[in-house]
Amino acid sequence: GVLLHQIRTAQFPFAETMSQERTELPAGAARPLVWVTNADGLLVVTSGNITVSLQGGLAGSSNPAEAHTAFTERHLGPGDIAYFPVGRAYWFQEATGTEPASAITVFNVGTWRSIEMAEAVSLLPSWAVSSNLHQSRAAPVPHIYTV
């Protein structure tokens, strides 16, 4: 499965203004949806190809309407960078389905806080999950990655 190597101030006390998450993706695997609640992030693809999806996109002079979409997707290769603004949900996935990929996300705080999709769903009543996913009954949420 997906491996997440999270490095915060707790692991490196001298790193008070920067932290990171290194993600190793097997072929076709995805880093599950996450919201980082207190930091901006820069994702750098270190190997392979990934598809990145960001909640709402980024508005700017070249794409003024993009901020109004639910999610925007971009395909990235080695050396490409994506920006994740604080409070926006994002996820990414190995894009080819045949080769592994890896990326590092650098945050502008020593200890970032996040809400993982699996954690958020597990806090909801089963009837709310099943009705919103149009299921007759809710299945347990599996652990899909390793920290």
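The values are calculated or read from the model by the stated rules, or taken from the named source; none is laboratory data. If you're wondering where the values come from, they're calculated on a predicted model, not measured in any experiment. Cβ sites come from the backbone with ideal geometry, for glycine too, and all protein chains shown count toward neighbours. The accessibility values were calculated without ligands, DNA or RNA, using every heavy atom of the protein model including side chains. Shrake-Rupley method; radii C 1.70, N 1.55, O 1.52, S 1.80 Å.
Tabulated values for the structure
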read-out	value
Considering residues of the stretch 31-47 that are open to solvent by less than 40 Å² (accessible area, probe 1.4 Å) and within 12 Å of the chain's Cα centre (by Cα) only, the residue nearest to HIS75 (Cα to Cα)	LEU43
Looking only at the stretch 1-35, and only at residues there that are part of a strand (DSSP E or B) and of a type in the set (Asp, Glu), the one that is modelled with the highest pLDDT	GLU24
Restricting the stretch 116-130 to residues that are exposed (fewer than 14 other Cβ atoms within 10 Å of the Cβ) and aliphatic (A, V, I, L, M), the residue that is farthest from the chain's Cα centre (by Cα)	ALA128
